[in-house]
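Below you'll find the structure, written out as structure tokens, and then a few comments.
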Amino acid sequence: MVRRKRPPIAFERSAGVVALCIRAAALALLALSATQPGFAGGRPWDDPSLAPDLRARLALSQMSQQEKLSLVHGGLGAPWGHEPKPAGAIGSAGYVPGIPRLGLPALQETDAELGVANPGHIRRGDAATAMPSDLALASSWDEALARRQGATVAAEARARGFTVLLGGAVNLVRHPRGGRNFEYFSEDPLLSGAMAGAAVAGAQSRHIVTTLKHFALNDQETDRVALDVQIDRAAARESDLLAFEIALERSHAGSVMCAYNQVNGVYACENDWLLNQVLKGDWRYPGYVMSDWGAVHSTVRSALAGLDQESGEQLDTQNFFDLPLAKAVADGAVPQTRLDDMVERILTSIFACGLYDDPPRPGAIDAQASDRTALQIAREGLVLLKNDGVLPLSAEARRLAVIGGHADKGVLSGGGSSQVLPRGGVAVAEPSALIEGDLIFDPSSPLEALKGQFPGARIEYDDGRDPGRAAKLAAQADAAIVFAYQWMAETADAPDLVLPNRQDKLIEAVAAANPRTIVVLETGGPVLMPWLDRAGAVIQAWYPGQKGGQAVAEAISGAIDPSGRLTVTFPENEAQLPRARVPGDPKGAPRGPVGRGGHYGRIFVARYDEGAAVGYKWFAERGERPLFPFGFGLSYTSFALSDLAASTNGGLVTASATVRNVGGRAGVAIPQFYLSGPAELSIPLRLVGWRRLELQPGEARRVTLEIDPRLLAHFDEAARRWRIAPGAYVISAGLDAAHREQSAVLDVGASDLPP
Ligand code: BGC
């Protein structure tokens, strides 16, 4: 949402009496604008005191049919085949020319999930701050930090002249092997919605249109363009769609990107149920739906189902929203009012997000501020999974062995459209065995950072290629730190959860040589840990961004308390997961957009029979014990929870508990509240809230939170309502999903809520 000195504009379509007043004013203005060129010296829609949708209609009323059509489709902002980069494009994923005659800005679209991307290095030498992965950000459970991430990335994007950000990615981590999990936030709809919503709200506070994606159920990469996700509609509402719903409520994202895949037999970008009924109908979404790049398959069907803008059109088999749409409107197959609605929605977002009133002014970025944000996310996102007392490493340590993971040079990042060319230069580029492309290591050497934390120690590095040699070095050291990594990238899922390149063997060998072995994991999601019993400590660092080496070193020395908590369940073994492997044949169909004349492969069905029981919910339903549960993470201090109380007041459920730091040093507690309920609740366990608290030793705080009523409800798809069944609900609190020592039973009456 726009934050300006003038009174805030509600980013909602005008409703009720107010709408009538505004409409009357609008008619007067429309009449005025028809006869004179400007309003108080400008254009009628220049007036920032008017509602965004009204300003949009005023501008729309002045547009020619050609101008309208020019806004509803766009191409790549980069060269393609023999086509050069479009004139006016900065050089990025997408570009829709503006309409200077009417003062309407170009839509310069950049990927920006984890920093401003630079695909194919099209903007030669243009490096940006490489942020930690979204799984790292989410592991902080810190919405204020997510907001700051969004604002920081948006500031960097605006400094380059970008006007549209293609992120946050709020798909659920439904498959632990998912190739884009590092771009996603969690397996839980409330947590994902809150964190992605905060990041997008932060971005839009800088007056830029931001996009929630990929709507919906693009939870796997394998054959994503040929994938038909079959899921019970109510289960979708209670899981993936709820994440979008919450993120939208909290961010008022200007745009939503529809996904590549089909949902229940219909492509997401021509899916009337998803776009018209759920998004624009039930959720009353006033912004616009843009397609993913190569995700459009029709003109009339898509237009009527609610798609407002075709993106990256060279990647579709034809430019569906260019001449074919013009013809369809001329023929009456797509009503003129629908075209006007598309344009009005795009313009509404341009006004509501502040882009029109405050266009970007290219200039320098505040690199130090960006670095501070990247470092803070890396610090808060580190999850200490195991500690036999090895950590924090004593300042007395005289000799340390640092092994593997290019830890002498940098830290890993994920691949695909979110890839950032890091400021400071690529530390290492290693060819990938998984897909075409390189693994990029960000320039933040853990080795150098450790030297800073342990100035008196002799610190030696071994690249880990020879486990025997690495073990020898480890045996001579006070402690060994092994950096292990798993590269993940858009367009491919991991074949399994095993660390690639026999790194398990390396860890086994080092841990056998030195029990004071600390394993640092740079992975795109959960991995298996057959060596866990032998390791002295394990730190999950995710892809920690271009300050990540520093954060890891600080956690090892104890300069910071590792305060992240898992937002995904780590299974003990893959047999515990809903399916043996990601559905589809990774080699069976072309990967990613295929462009002109290409084919998308034969559609195949992936049945998501687990429905809304994603991640920890699945484990709870099955009574399975994970390796590390959702919400888990150790600290250098310890915490106790007590005095859980729950009450209802006018249908609103409130829960409180007291959290105390019972250890010897300051640290961060993240008390979590869960709910389970009567049989009508299809889901056995739900996260309903949390707080992130910094507590001094001995300090106690009482936490109180109100529970979103949708989290007590099941979705009744036939009636299109959330229904709360009467009965006894259990509210529990704990420091992770599997350890909820406190609980309270609450009788709740029946009620129902609109979607
Ligand atoms: C990805 C989107 C991205 C777009 C533009 C697609 O392949 O799925 O997330 O925003 O490309 O780069």
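Observations on the structure shown:
- Cα gyration tensor shape for the stretch 639-753, rounded if a/c is under 1.5, else prolate or oblate: prolate
- Using a cut-off of 32 Å between Cα atoms, the listed pairs LYS280/LYS547; LYS68/LYS280; LYS472/LYS547; LYS451/LYS617; LYS451/LYS505 include LYS280/LYS547; LYS451/LYS617 as exceeding that distance.
- Counted charge near PHE604, where neighbours are those whose Cβ lies closer than 12 Å (Asp, Glu -1; Lys, Arg +1): 0
- Angle in degrees between helix 548-557 and the longest Cα principal axis of the chain, rounded to the nearest 10: 30 degrees
- DSSP bridge pairs, the stretch 424-573: antiparallel proportion in percent, nearest 5: 35 percent
- Taking a ≥ b ≥ c as the square roots of the eigenvalues of the Cα gyration tensor, the stretch 503-577 is oblate, since a/c reaches 1.5 or more and a/b is not larger than b/c.
- Reduced Cα scattering model of the stretch 418-565, Debye log10 I(q)/I(0), q = 0.11, 0.19 Å⁻¹: -0.42, -1.33
- Derived scalar couplings between HN and Hα for the stretch 280-295 equal 8, x, 4, 8, 6, 6, x, x, 10, 9, 9, 7, 6, 6, x, 9 Hz in order, rounded to whole Hz, by the Karplus curve 6.51 cos²θ - 1.76 cosθ + 1.60 (θ = phi - 60°), x for Gly and Pro.
- For the stretch 302-394: Kirkwood Rh in Å [reciprocal of mean 1/r, alpha carbons]: 18.6 Å
- On Cα atoms only, tilt of 240-251 relative to the major axis of the chain in degrees: 70 degrees
- Taken about its Cα centre, the stretch 639-753 carries a charge dipole of roughly 280 debye when the Cβ of each Lys and Arg holds +1 and the Cβ of each Asp and Glu holds -1.
- Shape class of the stretch 406-497 from the alpha-carbon gyration tensor: oblate, with a/c at 1.5 or above and b/c at least as large as a/b.
- Taking amide H as placed 1.01 Å from N in the peptide plane, the amide H of ILE560 sits under 5 Å from that of ALA555, each at least 5 places away or on another chain.
- Full-extension gain in nm, ASP47 to ALA144, via 0.36 nm per residue minus C-alpha separation: 31.7 nm
- Segment ALA575-ARG284, extension gain: residue separation times 0.36 nm, minus the distance between their alpha carbons: 100.7 nm
- Dipole in debye (nearest 20) - the chain, about Cα centre, beta carbon charges: Lys, Arg +1; Asp, Glu -1: 1180 debye
- Helical mean residue ellipticity (222 nm; -39500 (n - 2.57) per DSSP H run of 4+; nearest 500) of the chain: -7500 deg cm²/dmol
- Linear extension gain, ARG607 paired with VAL498, 0.36 nm per residue minus alpha-carbon span: 36.8 nm
- √(5λ) per eigenvalue of the Cα gyration tensor, the stretch 352-434, largest first, Å: 35, 20, 14
- Expressed as a fraction of 2.2 N^0.38 Å, the value expected for a compact globular protein of N residues, the C-alpha radius of gyration of the chain is 0.95.
- Förster radius 45 Å - calculated FRET efficiency between ARG361 and LYS451, Cβ distance, rounded to 0.05: 0.65
- When DSSP beta bridges are restricted to pairs lying wholly in the chain, around 60% turn out antiparallel.
- Summing charges over neighbours of VAL688, with a neighbour being any other residue whose Cβ is under 14 Å away from its Cβ, gives +1 when K and R count +1 and D and E count -1.
- Take every Cα pair under 8 Å whose residues are at least 6 apart in sequence, average their separation, divide by the length of the stretch 374-557, and the relative contact order is 35 percent.
- Of interest is the spacing of the C-alpha centroids, which for the stretch 735-755 and the stretch 268-322 amounts to 37 Å.
- Residue-count net charge about ASP533 - beta-carbon cut-off 14 Å; Lys, Arg +1, Asp, Glu -1: -2
- The long axis of helix 189-204 is offset from the longest Cα principal axis of the chain by roughly 60 degrees.
- Label-to-label distance, GLN65 versus GLU717, with points set 7 angstrom from Cα along the beta-carbon direction: 4.0 nm.
- Phi-based couplings in Hz for the stretch 151-165 (Karplus 6.51, -1.76, 1.60; Gly and Pro marked x): 5, 5, 5, 5, 4, 5, 5, 5, 4, 9, x, 6, 10, 9, 9
- Between ARG701 and ASP643, the simple spin-label model (points 7 angstrom out along Cα→Cβ) gives 1.6 nm.
- The chain, accessible surface, carbon-and-sulfur percent (1.4 angstrom probe): 52 percent
- Structural descriptor for the stretch 639-753: relative contact order 30 percent, calculated from alpha carbon pairs under 8 angstrom and at least 6 residues apart.
- When only Cα pairs below 8 angstrom with a gap of at least 6 residues are kept, the stretch 214-344 shows a relative contact order of 21 percent.
- The stretch 518-590 and the stretch 81-126 have Cα centres separated by 34 Å.
The values are calculated or read from the model by the stated rules, or taken from the named source; none is laboratory data. From a predicted model like this one, the values you see are computed outputs, not experimental measurements. Note that each Cβ is placed from the backbone with ideal geometry, even for glycine, and that neighbours are counted across all protein chains shown. Ligands, DNA and RNA are stripped out before the accessible areas are found, and what is left, the full protein with its side chains, is counted by its heavy atoms. Shrake-Rupley method; radii C 1.70, N 1.55, O 1.52, S 1.80 Å.
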